[in-house]
Amino acid sequence: MIDTLARVVDRIDRAIEDLLRWDAETLLAISEQPFLKRLSRLFIVATHLGDGYLWGALALGLILFGRPIDRTYVLIALSVTIVNITVFRLFKLLFERPRPTPAIVGIRSRLIDVYSFPSGHATTAFGIVWVIAVHYPHLLFQLPAYFVAIAIGLSRVYLKEHYPLDVIGGALLGSFVAAYLVPLLGRLLL
């Protein structure tokens, strides 16, 4: 029994090592990819927009020019975002995964927190996009929203501020929190 348990633990350890090796290799493959290097400015813009400027501008536009129901959707998105920020910050403290060395070292890299998993940008982006997808069920709104969220996530890997698994984990976390909260908040606010 103990021998079987030791083998299982050994297999799990090897699987985790393989996964982390894949993560580091994929980070380098994305950040050094020649085609993506041509899009470097786009990724810098995407990462800055993911700081909240894009979502804040969208919310402000809906508050000022939208219908009354749009204002309620903004409140739902804000609530999802607050919970997502709280959860990803707790996860970062729990996992304490160090960030990769950023591609662009400067003021920005000194201002971000030191932990990598999960990506806060991906968590908030995919949480907000989930709200958009639920409340604006048209491909005209959903496709650009998901494109932006994916661009933000990819930018975090390209700029070496996160490993791919950080972004994938953040996207799943943000989507999961939103999937749970949107129906609950909808019952309370709609």
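Readers should treat all values here as calculations from the given coordinates under stated rules, not as data from a laboratory. This structure is a prediction, so every number in the text was calculated from the model and none was measured. Note that we place each Cβ from the backbone using ideal geometry, even for glycine, and neighbour counts take in every protein chain shown.
Data table
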| read-out | value |
| --- | --- |
| Among VAL157, PHE91, VAL74 - extreme Cα towards positive end, dipole of the chain, charges at beta-carbon | VAL74 |
| Total charge dipole magnitude, segment 2-189, about the Cα centre, Cβ charges on Lys, Arg, Asp, Glu only, Debye to nearest 20 | 520 |
| Spin-label zone in segment 112-141 - amide nitrogen under 17 Å from a point set 7 Å from the Cα of ARG89 along the C-beta vector | 112-125 |
| Helix axis angle, 139-158 relative to the chain longest principal axis, alpha carbon, degrees | 40 |
| Selected from SER119, TRP130, PHE141, residue furthest toward positive end of dipole (segment 66-181; charges at beta carbon) | SER119 |
| Calculated [θ] (222 nm, deg cm²/dmol) that DSSP helices of n ≥ 4 give over the chain, each run adding -39,500 (n - 2.57) | -26500 deg cm²/dmol |
| Coordinate range along principal axes, alpha carbons of segment 114-160, Å, largest first | 37, 16, 8 |
| Against the rule of thumb 2.2 N^0.38 Å, how large the Cα Rg of segment 2-189 comes out | 1.14 |
| Dipole of the chain [Lys/Arg +1, Asp/Glu -1 at C-beta], most positive-end residue of ALA171, TRP22, LEU189 | LEU189 |
| Neighbourhood charge, 13 Å Cβ-Cβ cut-off, centred on LEU49 and excluding it, Lys, Arg +1 and Asp, Glu -1 | +1 |
| Cα convex hull of segment 43-86, projected area averaged across orientations, nm² | 3.3 |
